[in-house]
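J.: Sending over a structure as structure tokens; questions will come in a sec.
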Amino acid sequence: MHANAMNRLKTWSLAFGLWTLVALSFAAREVLGALADGGTMSWHRALAWNLPGYYLWMILTPVVGWLGRHTAARGWRRFLAVHIPASIVLSFLQATVLLLIYWPLRGAGPRADIDFFMLYRSEFIESFQLALVTYWVLLAVLRGIEFQRRLKDEQVRSAQLETQLTQAQLQALRMQLQPHFLFNTLNAISALASSEPARARLMIARLSDF
């Protein structure tokens, strides 16, 4: 149980680090893009938008992974029938929750005088489209990781089966050799029994020890 808890902690720590790097890269792109266009974008607003958005996807990653595993071998119709509505619903939730989190964190800016519903109307479509793209990219990455894991498991299982087969062949060969060895040894003892009884008894003792 302790090992499982450590593995889960390691997995979540790695996921947190990766999503943080993604969020920071997009925040830097927005700040530098604004500067290149002659405008300004504060790091505060860029981080307030990107960090919550990608942390939400970190939380949703197990859901997307579960849906991907349970539709992987059921055909394209089943796959699309599950993931098209799932991507729409999860993208809608992610975009809405992101705007709810961003609203109190955005700080002062050129649009500080607008209310939440104006922000929602102006930003929701773009956020929703980005969320849809993120869902399908995330699904593809998770399916690729799952495929690699299964391929590795199959390779390990194949190697184990080859080892077991080799051991079985060696055991069969050993079982074939033992009767011949015993037969030859008994013949040798029988030949010595009358001419050299002492050596015959010594061979019997050694055979018993063997």
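The values are calculated or read from the model by the stated rules, or taken from the named source; none is laboratory data. From a predicted model like this one, the values you see are computed outputs, not experimental measurements. Every residue, glycine among them, receives a Cβ derived from its backbone with ideal geometry; neighbour counts consider all protein chains shown. To get the accessible areas, we keep the full protein, side chains included, count just its heavy atoms, and leave off ligands, DNA and RNA. Shrake-Rupley method; radii C 1.70, N 1.55, O 1.52, S 1.80 Å.
J.: Can you name the number of the only condition in (1) under 20 Å from THR71 (Cβ atoms); (2) without any contact (Cβ under 8 Å) to a residue 40 or more places away in the chain that ASN187 fails?
T.: (1)
Yes or no, residue by residue, for (1) under 20 Å from ILE145 (Cα atoms); (2) at pLDDT 90 or above:
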residue: LEU67; (1), (2): yes, yes
residue: THR71; (1), (2): yes, no
residue: ALA81; (1), (2): no, yes
residue: PRO85; (1), (2): no, yes
residue: LEU90; (1), (2): no, yes
residue: VAL97; (1), (2): no, yes
residue: LEU105; (1), (2): no, no
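J.: Can we say THR71 is touching a residue at least 60 places away in the same chain (Cβ under 8 Å) and either open to solvent by less than 90 Å² (accessible area, probe 1.4 Å) or in a helix (DSSP H, G or I) (or both)?
T.: It is false that THR71 is touching a residue at least 60 places away in the same chain (Cβ under 8 Å) and either open to solvent by less than 90 Å² (accessible area, probe 1.4 Å) or in a helix (DSSP H, G or I) (or both).
J.: On to the next question. Run down ALA5, ALA46, ALA81 and say which single residue is touching an Asp or Glu at 6+ places or on another chain (Cβ under 6 Å) and either in a helix (DSSP H, G or I) or within 20 Å of VAL133 (Cβ to Cβ) (or both).
T.: ALA46
Table: residues versus (1) over 18 Å from TYR135 (Cβ atoms); (2) within 29 Å of the chain's Cα centre (by Cα).
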{"site": "THR11", "(1), (2)": "yes, yes"}
{"site": "LEU14", "(1), (2)": "yes, yes"}
{"site": "LEU18", "(1), (2)": "no, yes"}
{"site": "ALA23", "(1), (2)": "no, yes"}
{"site": "ALA28", "(1), (2)": "yes, yes"}
{"site": "ALA34", "(1), (2)": "yes, no"}
{"site": "THR40", "(1), (2)": "yes, no"}
{"site": "ASN50", "(1), (2)": "no, yes"}
{"site": "TYR54", "(1), (2)": "no, yes"}
